[in-house]
Structure formats: structure tokens, C-alpha cells
Amino acid sequence: MSKKLYIKTFGCQMNEYDSTKIVDLLRATQSMDQIDSPDGADMILFNTCSIREKAQEKVFHDLGRVRALKKMNPDLLIGVGGCVASQEGENIIQRAPYVDIVFGPQTLHRLPQLIEARKISGKPQVDISFPEIEKFDYLPESLAYSDRRKGNVSAFVSIMEGCSKYCSFCVVPYTRGEEVSRPLREVLMEVVSLADQGIKEITLLGQNVNAYSGAIESEEEESMADLALLLAYINEVPGIERIRYTTSHPREFTQRLVDAHKKVNKLVNHVHLPVQSGSDRVLAAMKRGYTILEYKSIIRNLRSVCPDMSFTSDFIIGFPGETEADFNATMKLIEEIGFDDSFSFIYSQRPGTPAADLPDDIPHKIKQERLLKVQEKIKYQASIACKNMVGTIQRILVEGSSRKNPKELCGRTDNNRMVYFSGDLNKTGHFVDVKITTASSKLLRGEIVQSIVEPSSFIEHNFCH
Ligand code: SAH
Ligand code: F3S
């Protein structure tokens with residue numbers, strides 16, 4: 001009989017991706033099936049995030065809640081993975097001795113061995129090391145259906161792990177290790193396998209995907225592929241019709257990558273480019289490695305090859321020493337670029353980071369007011385962008401029926417906006433042209449004007465008859 005696995009994921013897309021890998025791995029090696037509630041589980045895993053204080057607190061709160069389940073079922077295995085595990089290590093066992101396994105983002109592939117060692121030794125197991133990208137060598141092949149969020153039409157593919165930028169506020173380089181890229185061939189094989197399973201849209205994933213430098217296997221000397229080359233190769237994979245990437249960093253946004261937006265026809269016209277602040281003074285204190293002028297010149301270059309490109313960004317509000325003038329510079333930048341979505345958060349002091357030594361001198365009330373202003377401004381800009389889409393025809397990849405109204409379909413535009421429209425469920429996984437009819441705030445509705453015959457399905461169709 002199969003065992004039951006409950007996994008709770010906190011935080012970022014990287015964690016969500018890692019969780020799908022864990023589910024695949026434990027299904028293949030331990031015959032475990034994922035369930036949606038911790039009740040009745042044989043194993044409970046928390047894939048944690050420590051990017052901000054609040055995310056970290058939630059983990060210990062949740063651990064306390066599953067403790068009772070362990071009392072009722074002493075065979076229940078409880079594991080903690082992700083960035084909190086990486087940062088806290090043994091401390092987790094000290095604080096919550098009923099935890100059986102602690103593993104990091106780079107050792108999740110060792111879970112089967114850790115489970116075994118836990119059973120044999122009867123002692124909790126901790127492995128939060130950073131073995132050089134062996135992770136992917138030990139994981140089973142990606143399965144399209146493991147990504148539960150977007151039906152079976154879209155999948156993430158991790159192309160690089162970790163981060164070597166060491167922004168002064170951020171824990172990621174310490175919890176996930178330095179940047180390491182997967183070899184080109186390995187990434188392409190995963191994309192081809194996903195395409196064979198019917199995936200139409202690929203999102204290349206990493207903390208800084210434009211730092212990608214994947215080894216190209218060759219008889220002669222080793223050479224490296226950058227993100228632009230990787231995109232060009234993926235563009236040729238039959239069945240893949242749309243390519244996204246996230247997150248890119250302003251520091252390594254090369255002209256080759258800008259040009260890729262012109263040449264790689266399956267690449268979407270949306271870039272998520274975290275800026276964090278509109279003030280050069282704050283950017284320097286954050287150790288971001290670029291100025292606002294440099295940031296704006298990337299945007300200008302991208303707009304010169306793709307005039308209707310949409311931009312989204314990340315902001316940190318209330319970084320130590322952020323003055324009213326610094327904050328106003330952020331507001332000015334938001335308006336100038338016309339960002340239409342963002343992840344914006346109040347600065348959170350993270351232990352062990354250089355910025356943690358700076359006096360966190362801005363009153364919380366001021367930080368909250370500033371955050372609200374940023375969010376309102378971006379929300380307003382998003383609503384204008386949505387209104388401007390009314391009357392246009394957008395290419396939508398149908399993800400399935402809408403959660404709120406099963407009679408309605410939903411899917412995303414190239415610029416990553418969800419659109420709702422009526423149509424047949426058998427359009428799931430296909431592209432349709434939808435005319436946008438209404439927009440309220442971020443909510444877009446439309447009607448299908450035409451189904452698009454994708455080259456790959458066209459070939460299949462011909463072949464069958
Ligand atoms: N690679 C991305 C960052 C990934 S981390 C980049 O180019 O910047 C995701 C986001 O979390 C960051 O962009 C930042 O806005 C936010 N973040 C990181 N550390 C934070 C902290 N200490 N406080 C508040 N937000 C933080
Ligand atoms: Fe963090 Fe900066 Fe890297 S925000 S993930 S250290 S680019």
C-alpha cells in the first residue's frame with residue numbers, strides 16, 4: 001500500500017519547484033503519494049523560506065501544530081527542508097526534538113538516504129551541505145503533472161541554483177549557496193521530456209537566470225552557454241510554444257540577452273527585473289551593483305527591440321537609512337518605467353547579513369505608509385495597463401477551468417496576465433486568441449475569437465489521419 005506524504009511549501013517559486021521534485025522523488029523511491037492535509041500522513045515535510053522574518057516564524061508555528069500528530073502516530077516522519085533548515089540546521093532539532101530530518105535546498109535529493117538513516121539509527125538526521133549541483137543527477141525525470149498549479153500546460157525548469165551577488169540584506173547566498181549552472185544538455189533534455197508530455201510553456205527558473213553559464217559538452221575544450229544561447233536552443237524544441245524566465249538581475253543583462261528578445265520568437269514580451277529601490281544611495285548600501293541610470297538603460301534597450309514589453313519588479317521599502325528623498329526617487333522610478341506588478345515588502349533584518357548591522361532607524365508606521373504608497377501606485381498602473389488591453393486580441397495559453405467558476409476557462413497572456421472567458425474545457429493546453437472585453441482592476445475578461453493551431457499539434461493531427 002502506498003504511503004502518504006503531506007508537503008507544505010513556504011515562499012518563493014524556487015521552493016515550489018523544489019517541492020515538486022521532492023514529491024517526484026518520494027513517489028519513485030518510497031511509493032509515497034501526495035495528500036492535501038497532514039491528517040493521516042506517514043510523512044510531513046515543510047519546505048521553508050527565510051527571506052523575511054515572517055516567513056521564518058510561520059514554520060515553527062506550523063511545527064508546533066503537527067507535534068500532536070506525532071504523539072498519536074510515533075511512526076510519523078517529520079522533515080524540515082529549505083532555507084530555514086539551511087540556516088538553522090541542528091537548532092531545529094534543539095527547538096523541536098520531534099523533527100526527524102533536516103535537509104537543505106541542495107540536499108533534497110538525499111531524502112531517501114536520510115529517511116533510511118533515521119530508521120536505522122533511531123536518531124534525527126541533519127544534512128544541509130552544498131554538494132556541487134549533484135542534486136539534479138539524483139532526481140527522477142520531471143513529470144508534467146507534478147506541477148499542480150497550472151494544469152499540465154506549463155512547467156518550471158531550474159537552470160541554475162544559488163546566488164553569488166551577496167546583496168547586503170539577503171540570506172539567499174548563505175542558505176542556497178553560490179551560483180551553479182546546470183549543463184546545457186541536461187536542461188535541454190528536461191525541456192524536451194516536458195514537451196513530449198504535452199507541456200507548452202516553459203519558465204526557466206533561478207535566482208539570477210542571466211548569470212547562467214552552462215557547460216557545453218564537446219570533444220574539444222569545454223565551452224559555456226549563456227542564457228541567450230540557451231533560449232535560442234529551447235526556441236527550437238518542437239511543442240514548446242512559449243518561454244519565460246525569472247528572475248533576472250540588472251547586473252548581467254547583456255546585449256545578447258536584449259537581442260534574444262528580438263530573435264527568439266517564443267520568448268514572451270514581459271521581463272521581471274528586480275530593482276529594489278529608485279535611489280542610487282540606497283542601491284549602493286544594498287550592494288546591488290548598478291545605478292538607476294544603468295537600470296533605465298536596460299529598460300530602454302529592451303523597449304527598443306520590443307516596444308510593448310511589460311515590466312514588473314521587486315521593491316524593498318524602508319531599507320536602513322532610506323530617507324523621504326530616497327523613497328520619492330523610488331516612486332518616481334515606478335512612474336517612469338510604468339511597472340505594472342511587483343513583489344514589494346518592508347525590509348526585514350536578516351541575521352548574518354551585512355545590513356543587519358545597520359541601524360534599522362525608520363519607524364514601522366512610516367515603512368507601512370511607504371509600502372502602501374508603492375502598492376497603490378503599482379495597482380493603479382496595473383489597472384491602466386489592463387484597461388488599455390480592452391479591445392486588443394491576446395494570445396492565451398488555456399490552463400483549464402477557473403477555480404471560482406468551473407464553467408469558465410482561464411489562461412495567461414504573454415505579459416503574464418490571467419484572463420477569464422467562456423469556452424470548451426478541451427481547449428486546455430492550447431492557445432486561443434481572446435478579445436479582451438472588460439477590465440476591472442487586475443481582472444480581465446474576454447471572448448475567444450479564434451483557436452490557434454500550433455505547429456506541433458498540426459503535425460500530430462496530420463500524422464494521425
Ligand atoms: N534574484 C533576485 C532576488 C531574489 S530574492 C534579484 O535580482 O534581486 C526575492 C526578493 O525578496 C528580492 O528581490 C527582495 O525584494 C526580497 N528580499 C530579499 N531579502 C529581503 C529582506 N531582507 N527584506 C525584505 N525583502 C527581501
Ligand atoms: Fe538575494 Fe541579491 Fe541574490 S536579493 S538572491 S543576494 S541577487
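A few notes on this one:
- Longest stretch of the chain clear of exposed loop sites (trypsin sites (Lys or Arg not before Pro), DSSP loop, at most 11 other Cβ atoms within 10 Å, sites excluded): 150-402.
- With a threshold of 27 Å on the Cα-Cα distance, the over-threshold entries among Lys266/Lys296; Lys71/Lys119; Lys54/Lys119 are Lys54/Lys119.
- Segment Leu372-Thr254, length gained on full extension (0.36 nm per residue, minus Cα span): 39.1 nm
- Net charge dipole, the chain: roughly 1720 debye, given to the nearest 20, about the Cα centre with Cβ charges of +1 for Lys and Arg and -1 for Asp and Glu.
- Residue order, fewest to most beta carbons within 10 Å, for Met309, Met331, Met160: Met331, Met309, Met160
- Converting phi to 3J(HN,Hα) with the Karplus coefficients 6.51, -1.76 and 1.60 and the offset θ = phi - 60°, the stretch 330-344 yields 5, 4, 5, 5, 4, 6, 4, 7, x, 3, 10, 6, 7, 10, 10 Hz in sequence order, with x at every glycine or proline.
- Qualifying aspartates and glutamates (Cα of each under 19 Å from Cα of Lys262; at least 8 residues distant if same chain): Glu201, Asp226, Glu236, Glu241, Glu252, Asp308, Asp414
- In order along the stretch 299-316, the Karplus-derived 3J(HN,Hα) couplings, from 6.51 cos²θ - 1.76 cosθ + 1.60 at θ = phi - 60°, round to 4, 4, 4, 5, 5, 6, 8, 8, x, 9, 5, 9, 10, 10, 8, 10, 10, 10 Hz, and Gly and Pro are given as x.
- Normalised by the number of residues in the chain, the average gap of Cα pairs under 8 Å and 6 or more apart makes the relative contact order 10 percent.
- Shape of the stretch 1-90, Cα gyration tensor, a/c cut at 1.5: oblate
- Backbone amide hydrogens, once placed in the peptide plane, bring Gly321 within less than 5 Å of Asp361, Ile362, excluding anything fewer than 5 places away on its chain.
- Cross-link pairs exceeding 24 Å between alpha carbons, from the set Lys21/Lys407; Lys263/Lys379; Lys407/Lys435: Lys21/Lys407; Lys263/Lys379.
- For the stretch 308-367, pairs of C-alpha atoms spaced more than 16 angstrom apart make up 52 percent of the total.
- Net charge dipole size for the stretch 314-465 [Lys, Arg +1 and Asp, Glu -1 on Cβ; Debye, nearest 20]: 620
- Shown here for the stretch 64-140: GluC sites (Glu not before Pro) in loop regions (DSSP other than H, G, I, E, B) with at most 15 other Cβ atoms within 10 Å, namely Glu132.
- The chain: projected area of the alpha-carbon convex hull, averaged over directions, in nm²: 24.8
- Descending principal axes extents, the stretch 267-312, alpha-carbon based, whole Å: 33, 15, 13
- Gyration tensor verdict on the stretch 208-278 (Cα atoms; rounded if a/c is under 1.5, prolate if a/b is larger than b/c, oblate otherwise): oblate
- Length released on extending from Thr438 to Arg118, taking residue separation times 0.36 nm less the Cα-Cα span: 109.6 nm
- Dividing the helix sum by the residues of the chain, where each DSSP H run of 4 or more adds -39500 (n - 2.57), gives a mean residue ellipticity at 222 nm of -11000 deg cm²/dmol.
- Restricting the stretch 175-260 to GluC sites (Glu not before Pro) in coil, as DSSP defines it, with at most 16 other Cβ within 10 Å: Glu178, Glu217, Glu219, Glu220, Glu221, Glu222, Glu236
- Neighbour-count ranking [beta-carbon atoms within 10 angstrom, fewest first] of Ile101, Ile51, Ile346: Ile346, Ile51, Ile101
- Cα gyration tensor, the stretch 277-432 - rounded (a/c under 1.5), prolate or oblate: prolate
- Spatial offset of the stretch 385-448 relative to the stretch 46-117 amounts to 39 Å, using the alpha carbon center of each.
- The label point for Asp357 and the one for Asn388, both projected 7 Å from the Cα toward the Cβ, are 4.5 nm apart.
No lab work stands behind these numbers, since they all come straight from the coordinates. Note that the structure is a prediction, hence the values are computed from the model and not measured. Cβ: placed from backbone, ideal geometry, glycine included. Neighbour counts: every protein chain shown.
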